[in-house]
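**Student:** Here you go, one structure.
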Ligand code: HEM
């Protein structure tokens, strides 16, 4: 902006206009989002979290395997993660959304599923999914503004933000319309971002990852959820997988003309066609294997490419900041 103000081409009227445009317009972010200020804002909201993830802080590790459905997947992707001829081991983590390390398991809040698919020594891809099909903000700046507005506690400011941004309300309503799921393994998860899936013939298909629990997506009644208390999901998962693997189907929801490819607040109709990619088998729960890991939503193999959604690359930056802070005990 300094260069603009000093430009000899700018007459006083234009300078006034430039100053006006440089001022944050009502409802726009005053600050440009970076990985660091987003993580600062999450930490400010979540309370003390030394050594822990700065979002999805409360969670449980798991290990298991992935069984690709190569016959189905090959139509849209050549990724070895989905077209390998045999099952291969995986590790991952389930979590409660948000930055609070004590986020109660029995709240109608978002959950997360992260899993590293490593079909061979040369290929690795992370899926980092949430339990709503939409995100609360369209851009990193908007997400920063949302976090800082909520943190301000100023009811008028929060109300004004929600009036001009419907995504947080729609996300909240989506969760409210569904039960608290009885298990991390019986919760549906969504990739939210559109990725480019590329098959062996080079054909590109835009799609979003969606998962479905094999068996029932069992929900708790409000009274049951209350009785469970705030910390039951890790033990439930351990008990469940002790009796046999918990299975989760992984598929891609295929875009149709007019579906937004770069706005993660715009979920696609659930009538979209899906292509089955494989089945995740959760075999062991607990332990600390995932504690020192970072799952990167931008880590992909050949056959899967990042789309144009601006939230996705910012996630990689923010996760790196969070990882650095938690490794150094902050
Ligand atoms: C700009 C937007 C976002 C920011 C700033 C953000 C920030 C973060 C941070 C800082 C972490 C902790 C990373 C670590 O220390 O390993 C995290 C974890 C996570 N985020 Fe995000 N996130 C964003 C968007 C999303 C979206 C769109 C999804 C779902 C599609 C998502 C799902 C998750 C999950 C599941 C985890 C936990 C991963 C694990 O268990 O290791 N986040 N997020």
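Derivation of every value follows stated rules applied to the coordinates shown; laboratory data play no part. Bear in mind that the values here come from a model prediction, so they are computed numbers and not experimental data. As a convention, Cβ positions derive from the backbone with ideal geometry for all residues, glycine included, and neighbour counts pool all protein chains shown.
**Student:** Which one is farthest from residue 60 (Cα to Cα), of the residues in segment 160-182 that are in a loop (DSSP other than H, G, I, E, B) and more than 16 Å from the ligand (Cβ to nearest atom)?
**Tutor:** In this case the residue turns out to be 166.
**Student:** Which condition breaks for residue 280 when tested against (1) in a strand (DSSP E or B); (2) more than 23 Å from residue 80 (Cα to Cα)?
**Tutor:** Residue 280 satisfies all of (1) in a strand (DSSP E or B); (2) more than 23 Å from residue 80 (Cα to Cα) except (2).
**Student:** Of all residues being surrounded by 19 or more Cβ atoms within 10 Å (Cβ to Cβ) and without any contact (Cβ under 8 Å) to a residue 60 or more places away in the chain in segment 145-154, which is nearest to the ligand (Cβ to nearest atom)? Just the residue, please. Give the steps one after another, and end with the answer.
**Tutor:** Looking only at segment 145-154, we keep the residues that are surrounded by 19 or more Cβ atoms within 10 Å (Cβ to Cβ), and these are 145-149.
Narrowing the set further to residues that are without any contact (Cβ under 8 Å) to a residue 60 or more places away in the chain leaves 146, 149.
Working: 146: 10, 149: 15 Å.
Checked segment 145-154; the qualifying residue nearest to the ligand (Cβ to nearest atom) is 146.
**Student:** Provide a single number: the residues in segment 195-233 that are in contact with a helix residue (DSSP H, G or I) (Cβ under 9 Å, 6 or more places away or on another chain) and under 19 Å from residue 108 (Cβ atoms).
**Tutor:** Result for segment 195-233: 8.
**Student:** If you don't mind, another one. When only residues in segment 85-111 that are within 16 Å of the ligand (Cβ to nearest atom) and in a strand (DSSP E or B) count, which is surrounded by the most Cβ atoms within 10 Å (Cβ to Cβ)?
**Tutor:** 94
**Student:** Those residues that are touching a strand residue (DSSP E or B) at 6+ places or on another chain (Cβ under 8 Å), assigned to a loop (DSSP other than H, G, I, E, B) and more than 30 Å from residue 232 (Cα to Cα), I need them from segment 49-84; list them, please.
**Tutor:** 69, 75, 76, 77, 78, 79, 84
**Student:** Any residue in segment 275-291 that is farther than 27 Å from residue 74 by Cα, under 19 Å from the mean Cα position of the chain (by Cα) and within 16 Å of the ligand (Cβ to nearest atom)?
**Tutor:** yes
**Student:** I need the full set of residues from segment 294-320 which are more than 18 Å from residue 34 (Cα to Cα), near the ligand (Cβ under 9 Å from one of its atoms) and in contact with a strand residue (DSSP E or B) (Cβ under 6 Å, 6 or more places away or on another chain), in order please.
**Tutor:** 295, the sole residue that qualifies.
**Student:** Which members of segment 321-330 meet the condition of being within 17 Å of the chain's Cα centre (by Cα) and either surrounded by fewer than 21 Cβ atoms within 10 Å (Cβ to Cβ) or more than 10 Å from the ligand (Cβ to nearest atom) (or both)?
**Tutor:** Passing the criteria: 321, 323.
**Student:** Another question, if that's okay. Within segment 128-144, can one find any residue that is within 17 Å of the chain's Cα centre (by Cα), near the ligand (Cβ under 9 Å from one of its atoms) and under 16 Å from residue 294 (Cβ atoms)?
**Tutor:** So far as segment 128-144 goes, yes, one or more of its residues are within 17 Å of the chain's Cα centre (by Cα), near the ligand (Cβ under 9 Å from one of its atoms) and under 16 Å from residue 294 (Cβ atoms).
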